[in-house]
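*Asks:* The structure's right below; bear with me while I get my questions together.
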Amino acid sequence: MTVTEYVLLAGSSLFVIVDPLATVPAFIAMTGDDTPDARVRMARIACCVMAGVLLAFALAGQLIFKVLGITMPAFEMAASVILLLVALDMLRAQRSRVQETHEETAAGMEKTDIAITPLAVPMLAGPGAISTVILLENQARADNKIAKHIGLYLCIIGVSFASFLVLRVAAKSAKWFSPIAMNIAIRIMGLLLAAVAVQFMINGIKTLLMDLGVVHPPV
């Protein structure tokens, strides 16, 4: 996989799993009593926190694996299941409970500032996004290319900025977001995410078979 292909994969898969469009309804509901400027401020803080969390896991993911004794094939297959669950809910135009529960959304409505929790974590930087970042970092490490590492970090920052733009527009003018258009976009992104999840599962099985010596790596 070339650096360009890797960056396209990283950027698209991260944006799909973060799914800022699906966050908009909950964001508007939880900030119903706030001014547009206050909403923009919370969106800015949330997206900065999201970027920091994902960058931290991208940098420290392998260390966490070593401490806990987790193998990459096991993590790839577990992450693919999480992503697939999120994708199935997106195909039904629903916000997945993997990303946040109804209780977390309700608690957010009672908070005066929802920027860090539940908006940044777990609504934006949830288990699916964290899993995706660690898997992408592992691919870059396997290819031993600095350009892919840099590309991943730039993708995290880019997706965070794109998420802020979506939330900023929602904060300023929620009426621009047509429910029908949003449901169509969410379903399309869900289909793409399902394909990414299946690909991660295939990669995990392939790596496991190579580690067991059942399949030999290509020369």
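Bear in mind these aren't lab numbers, they're just calculated from the coordinates by the rules spelled out. No experiment lies behind these values; they were computed from the predicted model shown. Every residue, glycine as well, gets a Cβ built from its backbone with ideal geometry; the counts of neighbours run over all protein chains shown.
*Asks:* By average Cβ neighbour count within 10 Å, what is the ranking of 127-137, 144-154, 71-81 from highest down?
*Replies:* In descending order of packing, they fall as 127-137, 71-81, 144-154.
*Asks:* Stretched out fully, how many nm does the piece from LEU209 to VAL81 gain, at 0.36 nm a residue minus the Cα gap?
*Replies:* 44.2 nm
*Asks:* Can I ask one more? At 0.36 nm per residue, minus the direct Cα-Cα distance, what do SER12 and ASP143 gain on full extension? Give it in nm, one decimal, please.
*Replies:* So the extension gain works out to 45.2 nm.
*Asks:* Something else now. What's the local net charge at HIS149, with K and R +1, D and E -1, over the other residues with C-beta under 14 Å away?
*Replies:* Net of charged neighbours comes to +1.
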